[in-house]
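Data block below; observations after.
Read-outs throughout are calculated quantities, based only on the coordinates presented, and are distinct from any laboratory measurement. Please read all numbers here as calculations on a predicted model, not as lab measurements. Cβ placement follows ideal geometry from the backbone for every residue including glycine, while neighbour counts extend to all protein chains displayed.
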Amino acid sequence: MTVVVIGDVNVDLQLVLPTTIDGQGEHAHPDPALTGGGSAANAAAALARLGVETRFVGMVGNDTYGAEAVRSLSDAGVDTTPIQTSAGGMTVMVLVVVPADGERLIYVWPPRGGAHLELIVDAAATGLLDASWVHVSGIALRGEPAAASILEAMEGARSAGVPVSLDVNLRLENWGWEEGFRDTITAAIERSDIVLGGAVDEICPLVGSDDPPSAVAELAAGGRTVVGRLGAGGAIAHDGDRSYAAGGFDVEVVDTVGAGDAFDAGFIAARLRREPLDRALRYANGVAALTIGRQGARSTPGHDDVMRFVGDDGPTV
């Protein structure tokens, strides 16, 4: 079984700001850490870590950051053959600044544009129509020609009987409802069998509700499955007929970057193993919980680690 992931790939540069030692005026200067990043790319790396054969479709710039982004995916076990290189677009760099209080500040450069938005998906060349599952990140739907190309690829996959999932990744706090984006994300939802997102900050705004369970059920009215992540509260879902819920896990939080991407990977991996929806939610919660207990968005655990963590209520495989 092969999952084809389509969307954004970039690098994350984390800077931990100096802290005073013993009040003596001396400061620790942790080295900056450069890692692979991108919502879709993080999900792809997590899927590979969970034992799922994964292929990534995206675009990077012809630059050092692009080379690092591709290398990090390849090292994670992802098939990077379909990744394209832009002649002029830049690979996006996400700067994660960690102050002394641990509350992360995230900046994106360039703030708009980037090589990932130049992506043109060739369904035949990427093996899209022969995949077991196609997963898309909404980050790459905020610009052309990527948006139109990805929508076409989603339509083609569904017509071929391939399940298509979408993490809406609205990021309204960063870019809001930019011109045309609501129509684009609506079109993407219509082409999806499974829609995932933050229950409060993404699913609710999509339907104009402030009640997550109602919002998830409303968005699922077209017969699709909708999954709303609730952070420490776990996750809820609706498959068009009934509602599901799975509680979160109590873990010491080290780094929340990429938690949603890890959840997506866990959910897809469990559903590919034909787990029922409620057990898939618990498994996905376990993947996310173990990830945020470690440093870095690419710290996803392996399948055996997840199974030990979620216990008897986890998937049967």
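With only the Cα atoms considered, the stretch 9-149 has a convex hull volume of 125 Å³ per residue.
Rounded to the nearest 5, the antiparallel percentage of DSSP beta bridges internal to the chain is 40%. Put a plus charge on the Cβ of each Lys and Arg, a minus charge on the Cβ of each Asp and Glu, and nothing anywhere else: the dipole of the chain about its Cα centre is then about 600 debye. Couplings for the stretch 164-172, taken from phi via the Karplus curve 6.51 cos²θ - 1.76 cosθ + 1.60 with θ = phi - 60°, read 10, 10, 9, 8, 4, 6, 5, 6, 4 Hz in order; Gly and Pro are left as x. Amide H to amide H, with H built 1.01 Å from N, residue 53 comes under 5 Å of 3, counting only residues 5 or more places away or on other chains.
How do 300, 126, 291 rank when sorted from fewest to most other Cβ atoms within 10 Å of their own Cβ? Intermediate results must be reported in sequence, preceding the final value.
Details: 300 27, 126 21, 291 31.
Neighbour counts put them in this order, fewest first: 126, 300, 291.
Loop-located trypsin sites (Lys or Arg not before Pro) in the stretch 231-317 (DSSP state not H, G, I, E or B) with no more than 16 neighbouring Cβ atoms inside 10 Å: 242, 274, 294.
Just to be sure I understand: if I project the alpha-carbon convex hull of the chain onto a plane and average over all orientations, what area do I get in nm²? Working shown, then result.
Details: hull surface 65.1 nm².
Taking a quarter of the hull surface, the average projection is 16.3 nm².
Counting other beta carbons within 10 Å of each Cβ, put 191, 71, 171 in order, fewest first.
Working: 191 22, 71 12, 171 15.
With the sparsest Cβ surroundings first, the list reads 71, 171, 191.
For the stretch 88-96, putting each phi into the Karplus relation 6.51 cos²θ - 1.76 cosθ + 1.60 with θ = phi - 60° gives couplings of x, x, 8, 6, 5, 10, 9, 8, 9 Hz, in residue order, rounded to whole numbers and with x for Gly and Pro. Phi angles across the stretch 115-120 convert, under the Karplus curve 6.51 cos²θ - 1.76 cosθ + 1.60 with θ = phi - 60°, into 3J(HN,Hα) values of 4, 4, 7, 9, 4, 10 Hz, Gly and Pro given as x. Residues whose amide H comes within less than 5 Å of that of residue 37, counting only those at least five positions distant or on another chain, are 10, 11, 12 (H built at 1.01 Å from N in the peptide plane).
Given an 8 Å cut-off on Cα distances and at least 6 residues of separation, report the relative contact order of the chain as a percent. It would help to have the intermediate numbers written out before the result.
Numbers: 727 pairs, mean separation 46.3, N = 317.
In percent, rounded to a whole number, it is 15.
With 0.36 nm allotted per residue and the present C-alpha distance subtracted, the residue 187-residue 239 stretch has 16.8 nm of extension available.
How big is the dipole moment of the stretch 182-317 about its Cα centre under a simple scheme where the beta carbon of each Lys and Arg is +1, that of each Asp and Glu is -1, and everything else is neutral? Debye, nearest 20, please. Don't jump to the answer; show the numbers that get you there.
Working: 13 positive and 21 negative charges, 77 e Å.
Dipole about the Cα centre, nearest 20: 380 debye.
Within a 10 angstrom radius of the beta carbon, how do 310, 16, 227 rank from fewest other beta carbons to most? Walk me through the numbers before you get to the answer.
Details: 310 23, 16 18, 227 27.
Fewest to most other Cβ atoms nearby, the residues stand as 16, 310, 227.
The stretch 212-270 and the stretch 120-170 have Cα centres spaced 21 Å apart.
Less than 5 angstrom separates the built amide H of residue 195 from those of 166, 225, 226, 227, all sequence-distant by 5 or more or on a different chain. Counting other Cβ atoms within 10 Å, which GluC sites (Glu not before Pro) in the stretch 198-274 have at most 11 and lie in a DSSP loop? Of the GluC sites (Glu not before Pro), the ones in loops of the stretch 198-274 whose Cβ has at most 11 other Cβ atoms within 10 Å are 252.
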